[in-house]
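We did not get these values from a lab; they are worked out from the coordinates using the rules stated. All values reported here derive from a predicted model rather than from experimental measurement. Heads up, the Cβs are rebuilt from the backbone with ideal geometry, glycines too, and the neighbour counts pull from every protein chain shown.
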Amino acid sequence: MKKKIIVANWKLNGNIQTISNFLEYVKLKISLYLKCNTVVIAPSTIYLERVYRDIKDINIFLGAQNVDVNKQGAFTGETSILMLKDIGVKYVIVGHSERRYFHGENNKLITQKFGLIKELNLIPILCIGESETEKKQNKTKEILRNQLNMILEKFGEKAFENTIIAYEPIWAIGTGVSADPIYVQLIHKFIKDYINECNIKNQQNIIIQYGGSVNSKNAKSFLEQPDIDGLLVGSASLIYEEFFNILEIANNISLK
Ligand code: 13P
């Protein structure tokens, strides 16, 4: 049995009340789903501790949506990897297209952040993916190679040890139009083969999630694919019934 990893990326959503409601439900139900799944919740930074309080004893892991490239010092408004680790974060999302697009993060900065996360023995969830225009121009593979290259060059053989890659085609994020599962399977296989070509050992251990308009209706079709190892779920993860339906689907598939 290979566990599926399901990550809830809450983005800039939620408040104390909605998070408390969600966590009440989680505490009641989660034990049914953890044998076959790894579950991570990534709330916005200000609620990390609140979420951790309720999940630390039930084997759900805490994820951060971002981290600064500096460990400490005069960097107003930022959050350090040391602080994230200090309060119990285990996974850190890095390179999300919303950060690339709205906050101007490029591959160089993302590689630095990726290195910092690994240095502190936390697990990066590295998001990669092409835009709609790039897909139309048949540039998907080129874009993905570019997004991976700097990391491969800098960290070599160990680059993707204890790391998660999230393939998130930008055109599928928040649009309600998810990618075709067969297409995603081909892309995931391409990513694994590419990393393998670069002489990376243990490529069978590379974990690649899919993200982009995942919900309980389409989760099964993704998770059934051999190279889709998990899901990075945005808006559907805010609704607890929906999120638990996805966990149940993942559970059933892992058990097969
Ligand atoms: P949606 O599931 O809302 O499309 O968001 C996907 C995503 O960006 C997860 O990181």
Selected from THR76, THR140, THR111 as most flexible by GNM, with the chain as the system and alpha-carbon contacts under 10 Å:
THR76
Cα-based equivalent ellipsoid, the range 17-80: semi-axes from gyration tensor eigenvalues, Å
28, 13, 8
Short version: ³J(HN,Hα) in whole Hz for each residue of the range 205-218, in order, from phi by Karplus 6.51 cos²θ - 1.76 cosθ + 1.60 (θ = phi - 60°), x for Gly and Pro, what are they?
8, 5, 10, 10, 9, 10, x, x, 6, 6, 8, 6, 7, 9
For the range 99-256, what's the relative contact order in percent, using C-alpha pairs closer than 8 Å and at least 6 residues apart?
20
How big is the charge dipole of the range 133-208 about its Cα centre, in debye rounded to the nearest 20, if each Lys and Arg gets +1 on its Cβ and each Asp and Glu gets -1 on its Cβ?
80
As a test of the formula, what do you get for the chain when each DSSP H run with n ≥ 4 contributes -39,500 (n - 2.57) and the sum is divided by the residue count, at 222 nm and rounded to the nearest 500 deg cm²/dmol?
-12500 deg cm²/dmol
Over 25 Å between C-alpha atoms is what I'm after, so list which of LYS4/LYS189; LYS35/LYS220; LYS56/LYS154; LYS3/LYS113; LYS3/LYS29; LYS85/LYS154 land there.
LYS56/LYS154; LYS3/LYS113
List the aspartates and glutamates whose Cα lies under 13 Å from the Cα of LYS11, skipping any in the same chain that are fewer than 8 positions away.
GLU98
May I ask for the Rg/Rh ratio of the chain, computed from Cα atoms with Rh as the Kirkwood radius, given to two decimals?
0.94
3J(HN,Hα) from dihedral phi, the range 138-150, Karplus parametrisation 6.51/-1.76/1.60, rounded to Hz, x for glycine, proline
6, 9, 3, 5, 4, 4, 5, 4, 4, 5, 8, 4, 4
Going Cα to Cα from LYS256, which aspartates and glutamates come in below 12 Å? Please leave out same-chain ones fewer than 8 positions away.
GLU224
Sparsely packed GluC sites (Glu not before Pro) within the range 127-215, loop by DSSP, other Cβ within 10 Å at most 14
GLU161
With +1 on each Lys and Arg Cβ and -1 on each Asp and Glu Cβ, how big is the dipole of the chain about its Cα centre, in debye rounded to the nearest 20?
340
Debye intensity ratio I(q)/I(0), log10, the range 98-238, q values 0.15, 0.17, 0.19 Å⁻¹ (C-alpha model):
-0.73, -0.96, -1.21
Assigning unit charges at the beta carbon (Lys, Arg +1; Asp, Glu -1) and nothing else, what dipole magnitude in debye, to the nearest 20, does the range 78-219 show about its Cα centre?
120
